[in-house]
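The values are calculated or read from the model by the stated rules, or taken from the named source; none is laboratory data. Note that the structure is a prediction, hence the values are computed from the model and not measured. Here Cβ is always computed from backbone atoms with ideal geometry, including for glycine, and neighbour counts include all displayed protein chains.
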Amino acid sequence: MNRIGLKLVLVVFIYFLTPLSLFPQINRVPNLKLYDDEPLHFGFILAVNQMDFILKPKENIHQLYFKGTQIPEVDMKLTAIDSATVYGIEALPRLGFSVGIVGDKRIGEYFNLRLIPSLSFGSRELLYDTRVFTKSGDTLQRVLNQKINSTFVEFPFYLKYKSKRVHNFRAYVNTGIKYSFDLASQANKTEPNNYEPKLFRSDSYYMFSVGTDIYMNWFKFGVELSMSYGMRDMLLRENNLYTNSIESLRSKIFMLTFTFE
């Protein structure tokens, strides 16, 4: 996560958590006293996400030369290109949002199983710092920007460990796995002269999160910060400058989630 995104998430997390943490000190009557004894309950989530990549460029990337159909000439708006090379690649995260439904199964005093089918919208960008060599002998620098949009259908499965309840509070940690399917994936499209980097449709993630449950009068409110790391190299190789300069491209997603149960 870049510094700006991290600061934004932390500021929002503290902003919402701090005033709520003072609430139990004012109201000394515990809310929803029998809530955690229920074997099954449901709810929903609203979340802000930040989608990003774990990017590994090819070793000695600047020594790789691309020619002919490997070069996106239309994107560069140049004619008479002889060859090109990539000097560096940077992944830029972008903010998005997620919504989902919570299904929670109590399996012990301090443990719950949670399934949260969700829909996440977001995007990421790849910046390619390139050097283009023309047939006339000129060398030109071009920074190529490729935006990748995603619409994920997600199925996260958690094991939730809760602390002992203190009045209207519980802290917790989650760990689990997530399967996702990208509805916006272009992997099955084979359009001529389409150099846009394409991602495979499906991926699996390791997940970890921390949060706090606050027991209100009529529902339980939660604030959670989570991290997801993809297991798969997601880039579809198409033998061009955009894909052959990358060794691996894995997803990582940060989320600030508000739960209502």
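List of remarks:
- With respect to the stated conditions, GLU90 fails to be under 18 Å from ARG250 (Cα atoms), over 18 Å from the mean Cα position of the chain (by Cα) and of a type in the set (D, E, K, R).
- Test: residue in region 237-246 that is free of Cβ contacts under 8 Å to residues at least 24 places away in the same chain and within 19 Å of ASN145 (Cα to Cα): yes
- Long-range neighbours under 7 Å by Cβ, at least six apart or interchain, first residue more than 14 Å from ASN112 (Cα to Cα) and at pLDDT 65 or above within region 18-43, second surrounded by fewer than 10 Cβ atoms within 10 Å (Cβ to Cβ) and among the polar types (S, T, N, Q): ASN31/ASN217
- Among residues of region 128-140 being surrounded by fewer than 14 Cβ atoms within 10 Å (Cβ to Cβ) and not hydroxyl-bearing (Ser, Thr, Tyr), the one that is nearest to GLU261 (Cα to Cα) is LEU140.
- Exclusive hit being among the β-branched types (Val, Ile, Thr), modelled with pLDDT of 95 or more and either surrounded by 15 or more Cβ atoms within 10 Å (Cβ to Cβ) or out of contact with any Leu (no Cβ under 9 Å at 6 or more places or on another chain) (or both), set VAL102, VAL86: VAL102
- Restricting region 105-119 to residues that are of a type outside the set (A, V, I, L, M) and closer than 25 Å to LYS164 by Cα, the residue that is surrounded by the fewest Cβ atoms within 10 Å (Cβ to Cβ): GLY108
- Qualifying positions in region 203-251 - within 16 Å of the chain's Cα centre (by Cα), of a type in the set (A, V, I, L, M) and within 26 Å of GLN63 (Cα to Cα): MET234, LEU235, LEU249
- Within the set ALA84, ALA91, the sole residue that is closer than 27 Å to ASP182 by Cα and small (Gly, Ala, Ser) turns out to be ALA91.
- Residues located in region 147-167, provided they are over 20 Å from LEU249 (Cβ atoms), in a strand (DSSP E or B) and of a type in the set (Lys, Arg): LYS160, LYS162
- For region 220-261, filtered to residues that are surrounded by 18 or more Cβ atoms within 10 Å (Cβ to Cβ) and among the small types (Gly, Ala, Ser), the residue that is farthest from ILE101 (Cα to Cα) is SER245.
- Any hit, region 124-146, residues being modelled with pLDDT of 95 or more, assigned to a strand (DSSP E or B), under 18 Å from LEU46 (Cβ atoms) and under 28 Å from the mean Cα position of the chain (by Cα): no
- The residues of region 206-227 that are among the polar types (S, T, N, Q) and either more than 23 Å from GLN50 (Cβ to Cβ) or in contact with a Lys or Arg (Cβ under 6 Å, 6 or more places away or on another chain) (or both) amount to a single one, ASN217.
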